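Each reported figure results from applying straightforward, stated rules to the coordinates on display, with no laboratory input. Keep in mind the model is a prediction, meaning the values are calculated, not measured. Glycine gets a Cβ as well: all are built from the backbone with ideal geometry, and neighbour counts include every protein chain shown.
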Amino acid sequence: MDTMLDFTHLALVAFLVEALIQALKPIYDKENGWNRDKVISIVVGILVCVVTNVDLFAELGFVVAVPYLGSVLTGVIASRGSNFVHDILKFVQGKAQAETTEPAGVG
């Protein structure tokens with residue numbers, strides 16, 4: 001297996017885990033309780049992704065063993081908003097472009 005591919009998948013998984021954590025972290029605060037806006041945002045993001053069968057993980061070549069979990073996780077990521085999703089797309093496009101660009105030969 002290609003070492004660069006392994007590193008790219010690891011970097012992508014790390015990026016997606018961070019995205020999920022940052023999306024879920026502000027749901028509940030000990031002092032203020034539940035953040036209703038964030039909960040609604042996550043529920044709507046999940047519903048839209050499940051109903052429309054949007055699965056970022058499948059698009060990136062990851063096999064998710066649990067049906068619909070990829071769409072649920074994608075919904076949580078989407079709930080962070082369009083700016084964040086745009087950042088994810090730039091990251092993925094940069095990785096894909098780096099994989100398709102072959103280094104120039106020496107000599």
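Length available on full extension from Lys25 to Phe84: 0.36 nm per residue minus the Cα-Cα distance, which gives 19.7 nm. A Cβ-based charge dipole, computed about the Cα centre of the range 3-98 with Lys and Arg at +1 and Asp and Glu at -1, lands at about 140 debye.
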